[in-house]
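Scroll down for the structure; my scribbles are underneath it.
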Amino acid sequence: MMAEEHTDLEAQIVKDIHFKEIDLVNRDPKNINEDIVKNQLVLRSCHSSHSDVIAEPVGTYSFDGVWKVSYTTFTVSKYWCYRLLSTLLGVPLALLWGFLFACISFCHIWAVVPCIKSYLIEIQCISHIYSLCIRTFCNPLFAALGQVCSNIKVMLRKEV
């Protein structure tokens, strides 16, 4: 009885990983696009509002009705164009990005990390050989040079 409950729990955990509840209100919970909200230059290029694109200087105002209609037209067309593009291209692009990140993950897991581990194993072997060569050839040479130079005395005299 306990084994069945454990298997059911594992199946539920796996199911929850792939089919977790998504938040339709906060669609950027990790603040990936926080810089877009903070940085005004990026904000203007990515999230343009009517006043960022269309502005009338003092003394050259159009009729109030034209200004209101242009504001409404700009805002509504931008809103619906984004919705239409995200409806048409959102799922295919999500599929493309999912595939791309799956390929990157696959390469990282099955190629990059094993290559790095192999390199570290090889370099460890080479470092032992290098250390052995240094201890065998250079240590006696430097010890002998140290003995030769140990009797050198330097005297500083100030001549007037």
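Using a 1.4 Å probe, how large is the accessible area of residue 115, given in Å² and rounded to the nearest 10?
Using a 1.4 Å probe on the heavy atoms, I get roughly 90 Å².
How would 135, 83, 27, 157 rank on accessible area, largest to smallest, probe 1.4 Å?
The residues order as 157, 27, 135, 83, largest area first.
May I ask you to compute the full-extension gain from residue 31 to residue 119, defined as 0.36 nm times their residue separation minus their alpha-carbon distance, rounded to one decimal in nm?
Roughly 28.0 nm would be gained on extension.
Could you derive backbone 3J(HN,Hα) for the range 93-107 from the dihedral phi with the Karplus parameters 6.51, -1.76 and 1.60 (θ = phi - 60°), listing whole Hz in sequence and x where the residue is Gly or Pro?
My calculation for the range 93-107 gives 5, 4, 4, 4, 5, x, 5, 4, 5, 5, 5, 4, 4, 4, 4 Hz in order.
When the Karplus curve 6.51 cos²θ - 1.76 cosθ + 1.60 is applied with θ = phi - 60°, which whole-Hz ³J(HN,Hα) does each residue of the range 108-113 get, with x for Gly and Pro?
Per-residue couplings from phi come out as 5, 6, 9, 10, 5, 4 Hz.
The values are calculated or read from the model by the stated rules, or taken from the named source; none is laboratory data. Just so we're clear, the structure is a prediction, and the values are computed from it rather than from any experiment. Quick note on the areas: whole protein, heavy atoms, side chains included, nothing else; ligands and nucleic acids left out. Shrake-Rupley method; radii C 1.70, N 1.55, O 1.52, S 1.80 Å.
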